[in-house]
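Coordinate-derived values only; no laboratory data. These numbers come from a predicted model, not from an experiment. Virtual Cβ from ideal backbone geometry, glycine too; neighbours counted across all protein chains shown.
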């Protein structure tokens, strides 16, 4: 690979969510602030939506890392679960032992008792569900039942839904209107702004160990942003492939032709963006 060629310790533009590479762009920072404000306000339901590749999972991990010991946290990366399994998965995340053969009433009762104990310790409990657009309708209703668990002062469980825009379509169903009305905080996560692009590229390169002169020519960064429409995952894919193209030529700088080669090789890049060339 090109690590030695560019003087890198690791690949700078991987697509696996890695909080060590997190870039505090405008959208991500606003979304994180929204989550923290909602949590400290004691709100029951919070929703974060965004298109594929905008960094929802990375945001979720940043949020959990920021909380640290401030809260008891549970994370479900794949919530495509029927109601009983969803409750059992939550209990397992919280370290609560429940009878796997119990009916939904007794599962809910057992969770309530565990959450009350955390409340007595003054420890808020936060459940983050990634890919929430995949939740079955029956499980969405189970989340509403979980949100009913409360004392006279506060909710026992705060739920954060991270999902694609399809989540909004599911929540528009009349059968879950009670749940929809309980979502008090919502943020729509967008991609990187054009003027954040050079900072984003430089940040990830620096984290990966790059200490040389500017690696991406200014025009290259602009073209990557235009082709990816600001979507971080696509930006990473195009930047990685453009660096491969530069490495193949023995070049120390990524220029426009390297980006064009990357776009030709990337299905997700949108061709209308290149009509201005």
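In summary, the chain shows an alpha-carbon radius of gyration equal to 1.17 times the 2.2 N^0.38 Å reference for compact globular proteins. Taking the C-alpha atoms only, the angle from helix 56-67 to the longest principal axis of the chain is near 60 degrees. Computed over the chain, relative contact order equals 27 percent, with contacts defined as Cα pairs under 8 Å that lie 6+ residues apart. By DSSP, the beta bridges lying fully in the chain are antiparallel in about 5 percent of cases.
For the chain, what is the mean residue ellipticity at 222 nm derived from helices alone (per DSSP H run of n ≥ 4: -39500 (n - 2.57); sum divided by total residues; nearest 500 deg cm²/dmol)? Mean residue ellipticity at 222 nm (helix-derived): -14500 deg cm²/dmol. Distance from the Cα centroid of the stretch 199-277 to that of the stretch 147-178 is 39 Å (rounded to whole angstrom). By how many degrees, 0 to 90 and rounded to 10, does the Cα axis of helix 83-94 deviate from the longest principal axis of the chain? Compared with the principal axis, the helix lies near 80 degrees.
With the highest mean first, a sort of the peptides 236-243, 212-219 on other beta-carbon atoms found within 10 angstrom per residue produces 236-243, 212-219. Antiparallel beta bridges, as assigned by DSSP with both residues in the stretch 26-189, represent about 5 percent of the total such bridges. Comparing 50, 95, 14 in a Gaussian network model of the chain (Cα springs below 10 Å), the most mobile by mean-square fluctuation is 95. Return the FRET efficiency for the residue pair residue 99, residue 145: r is the Cβ-Cβ distance, R0 is 25 Å, and the value is rounded to the nearest 0.05. Once rounded, the FRET efficiency stands at 0.90.
Relative to the dominant Cα principal axis of the chain, helix 26-41 is inclined by about 20°. Packing here is the average count of other Cβ atoms within 10 Å per residue, and on that basis the peptides 138-148, 74-84, 174-184, highest first, run 138-148, 74-84, 174-184. Note on residue 69 and residue 173: the extension gain reaches 33.8 nm, defined as 0.36 nm multiplied by sequence separation minus the Cα-Cα distance. Can you figure out the FRET efficiency of residue 26 with residue 51, using R₀ = 22 Å and their beta-carbon distance, to the nearest 0.05? That gives a FRET efficiency of 0.85. What is the distance in Å between the Cα centres of the stretch 66-89 and the stretch 99-144? Between the Cα centre of the stretch 66-89 and that of the stretch 99-144, the gap is 8 Å.
Listed peptides 33-45, 55-67 appear in the order 55-67, 33-45 once ranked by packing, highest mean of other Cβ atoms within 10 Å at the front. If R0 equals 25 Å, the separation of the Cβ atoms of residue 80 and residue 184 corresponds to a calculated FRET efficiency of about 0.50.
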